[in-house]
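Here the structure is laid out as structure tokens; the discussion comes afterwards.
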Amino acid sequence: SSPTQIAGGGTTWLKAQAGLFGSLGNKSDGTLWAWGYNNEGQLGDNAGTQSYEPKQIPGAWSTSEYGMATSGEARFAIKADGTLWAWGKNNFGGLGINDRTSRSSPTQIPGTTWASVDMSYSSNEGSAAAVKTDGTAWVWGWNDGGALGLNQTASSPTQKYSSPVQLPGTTWTRIQSSGSDGVVGLKTNGTIWAWGSNGGGQLGHNNRTQYSSPVQVGSATTWNDIQISSNITMASKTDGTLYAWGNATYGLIPPEGGPGAAR
């Protein structure tokens, strides 16, 4: 219940992220490490043995802030050459490699020049989003609540995509999704867009309406970072101010309306 240094020590970690039953982390030298349970191959070592300390995944990996993602029992990471790789659980095509077969070692997702990747996890299956250096955004996986932003829902099996499908627009910077199937995206012009499930008001549209296509949040053009988790969204502006919206239960958002208020 207090901070303990990760096994193996080291002082060159850039980022670590927890997923279901395990974690993923990268270092400033471009190495990628995984640890935890390995029931779906999420350690990427082509074995089924869990590890209580970080195990290196071969390759030269990106050191970008958003160059890796964990979700449930799936893992994603971008290599230094701009290629995108996935491994782990793949029940509904969430790995984006055009099938539904789980992988125990990194498998390349078609395409190059990938810049960022993110994935959500729900009770059904995850949905993923990745952005390329040309500003195009690509989505795949389960489309619960319209989380893929393709103006569809998950009402039929054909709306679960096992390969990347382009999201409209060419000026995306980053897309970030949550386990509640809410999604926010940031564009190069400083605008925020949100879509998917909205039960806690986490999309910031002043309602709790579900959207299956990107809708701009307000009119501001000075946003510079976004983060969404379950029913809470936070975003910062270029002037250093921080904003939050969604479900305020348990004080996750500073008081303005009281516990449980959605705004």
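The values are calculated or read from the model by the stated rules, or taken from the named source; none is laboratory data. As the structure is a prediction and not an experimental result, all values here were calculated from the model. FYI the Cβ positions are ideal-geometry reconstructions off the backbone, even for glycines, and counts take in every protein chain you see. Please note that ligands, DNA and RNA were not included when accessible areas were found on the heavy atoms of the full protein model with its side chains. Shrake-Rupley method; radii C 1.70, N 1.55, O 1.52, S 1.80 Å.
At-a-glance table
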quantity	calculated
Given the chain, longest segment not containing exposed loop GluC sites (Glu not before Pro) (DSSP; at most 12 other Cβ within 10 Å)	66-255
Amide H partners (placed H, <5 Å) of residue 230, local residues excluded	179, 180
Accessible surface, per residue, of the chain when the full set of protein chains is kept, probe 1.4 Å, Å²	44
Most mobile listed residue (128, 60, 115) in the chain, GNM with C-alpha springs under 10 Å	60
Cross-link table 89/237; 15/132; 55/187; 27/237; 132/160; 79/237, entries beyond 25 Å C-alpha to C-alpha	89/237; 55/187; 27/237; 79/237
Label-point gap, in nm, between residue 4 and residue 100 - each point 7 angstrom along Cα→Cβ	4.0
Max mean-square fluctuation residue, GNM over the chain, Cα-Cα springs under 10 Å, options 94, 182, 48	48
The chain - percent of accessible surface contributed by carbon and sulfur, probe 1.4 Å	51
Added length on full extension, which subtracts the Cα-Cα distance from 0.36 nm per residue, residue 60 to residue 208	49.0 nm
Candidates 183, 139, 165, ranked by Gaussian network fluctuation over the chain, Cα under 10 Å, top entry	165
